[in-house]
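One structure below.
The values are calculated or read from the model by the stated rules, or taken from the named source; none is laboratory data. Since this is a predicted model, take the numbers as computed values, not measurements. Virtual Cβ from ideal backbone geometry, glycine too; neighbours counted across all protein chains shown.
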Amino acid sequence: MKLKDGFMLKKILDDYIVVPTGDNIVDFAVAVSLNETGAFLWQQLESEKNIYELADALAAEYDVTPDEVIGDVVEFADMLKTHNFLAQ
């Protein structure tokens, strides 16, 4: 999995917002806000990673086991797919 080009994560005060860049500005109808965990996963996806690599990275960041976070990672990936943020 890797993020599609044309979107940028911006931190505004304590919020993380996904904003479109370039041609995506026209097609972007809804702002997407991420929490700190979502922002961490978004940054991980700036280079290609699979679900298990994301779970490992998240587990290491928050000092938990990958099994404890795999469900959250899958849910996050599903959200990215729903909003068409993933490259094909």
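Which count do you get for residues in segment 72-88 that are among the small types (Gly, Ala, Ser) and part of a helix (DSSP H, G or I)?
1
Return only the number of the condition from (1) in contact (Cβ under 8 Å) with a residue 12 or more places away in the chain; (2) outside any helix (DSSP H, G or I) that VAL69 does not satisfy.
Result: VAL69 fails condition (2) only.
Filtering segment 10-43 down to residues that are part of a strand (DSSP E or B) and surrounded by fewer than 17 Cβ atoms within 10 Å (Cβ to Cβ), which residue is modelled with the lowest pLDDT?
PRO20
How many residues does segment 57-88 hold that are of a type in the set (Asp, Glu), surrounded by 14 or more Cβ atoms within 10 Å (Cβ to Cβ) and closer than 18 Å to LEU3 by Cα?
1
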